[in-house]
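Below: the structure, in structure tokens.
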Amino acid sequence: MSTYRIAVLGGTGPQGRGLAYRWSLAGHEVVLGSRTEERARATADQVRERAPGASVHGATNRMAVADAEVVLLAVPYEGHDALVGELAGDLAGRVVISCVNPLGFDAQGPYGLAVAAGSAAEAAAHLAPGARLVGAFHHVSAVSLWRTAEPLSHEDVLVCGDDAEAKQVAIELARPVTGRDGVDAGSLRMARQLEPLTAVLININKRYKTRSGIRVSGLES
Ligand SMILES: NC(=O)c1ccc[n+]([C@@H]2O[C@H](COP(=O)([O-])OP(=O)(O)OC[C@H]3O[C@@H](n4cnc5c(N)ncnc54)[C@H](OP(=O)(O)O)[C@@H]3O)[C@@H](O)[C@H]2O)c1
């Protein structure tokens, strides 16, 4: 498998940190990005404590992108458009993976927000037209990523995108998470289905006191 230099924007949050942990254990070079360099460095220290010898460092979001081949967007949807717009030039030419789930919460629980572009991943593609956008890792829980180094073999990572090579990178990057390639789920617009599906998983988690995930049947393992 190739090794990549990966920037994780919003890498101080549990989702970015969890994926950084898995990827750095697998030998990828990871830079965690933050609005505050200090916070990113502190989170990188936490990851290295769990993965001694791993290549994980902290930087500002912009600095993190500078050397990256692959960029993970792991910020909340509220801050997403502003950040992607600000870094659009820096993201050009890079594989950009979005795991962003635009969700709202009300008295009935979580629900998928209406997004003018269709999905957060498509919004990123509009805001950073040179970036090679992929949607993936929407359904793996941050807690599961962090609490063990064991593959989440009962889960699949569904990957969508319009750039076949970029999609293949995300498919490979699923291996350190589930132990298998990610599943090609179609074009980038499939993010309209994948992102709000997370609301269903959150409801299931609440009802059954579990951390549910997605596993696709009918595929060779
Ligand atoms: N948590 C999960 O289990 C999970 C699972 C699947 C997908 N996701 C998706 O992954 C993304 C990250 O999830 P998370 O739970 O890690 O989120 P989070 O903790 O709320 O945020 C992650 C990081 O984003 C930065 N951030 C917060 N507000 C921002 C803003 N307005 N502008 C720019 N940066 C901002 C913060 O870093 P700094 O303050 O250091 O800049 C924060 O530590 C979300 O889009 C979520 O939908 C989460």
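Summary table
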{"read-out": "Integer Hz, Karplus 6.51/-1.76/1.60 couplings in order for the stretch 66-81, x for Gly and Pro", "value": "3, 9, 7, 8, 10, 10, 9, 8, 10, 10, x, 4, 4, x, 5, 4"}
{"read-out": "Counting DSSP beta bridges with both ends in the stretch 1-149, the antiparallel % (nearest 5)", "value": "15"}
{"read-out": "Largest-first ordering by accessible area, 1.4 Å probe, given options ILE204, ILE171", "value": "ILE204, ILE171"}
{"read-out": "The stretch 1-96: proportion of alpha-carbon pairs further apart than 20 angstrom, %", "value": "26"}
{"read-out": "Length-normalised contact order of the stretch 40-140 in % [C-alpha pairs under 8 Å, at least 6 apart]", "value": "26"}
{"read-out": "Residues of the stretch 133-221: accessible area per residue with a 1.4 Å probe, Å²", "value": "49"}
{"read-out": "Spatial extent of the chain: Rg and Dmax, with the Cα atoms as the point set, Å", "value": "16.0, 46"}
{"read-out": "Inter-part distance where the stretch 22-57 and the stretch 99-158 are each reduced to a Cα centre, Å", "value": "21"}
{"read-out": "Share of carbon and sulfur in the accessible heavy-atom surface of the chain [1.4 Å probe, %]", "value": "50"}
{"read-out": "Extreme residue, positive dipole direction of the stretch 78-166, given options HIS139, ALA107, GLY161 (C-beta unit charges)", "value": "HIS139"}
{"read-out": "Simple Cβ-charge dipole of the chain, Lys/Arg +1 and Asp/Glu -1, about Cα centre, in debye nearest 20", "value": "660"}
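The values are calculated or read from the model by the stated rules, or taken from the named source; none is laboratory data. Quick caveat: nothing in here was measured; it's all calculated off a predicted structure. No Cβ is skipped: glycine too gets one built from the backbone with ideal geometry, and neighbour counts run over all protein chains shown. Heads up: the accessible areas ignore ligands, DNA and RNA and are worked out on the full protein's heavy atoms, side chains in. Shrake-Rupley method; radii C 1.70, N 1.55, O 1.52, S 1.80 Å.
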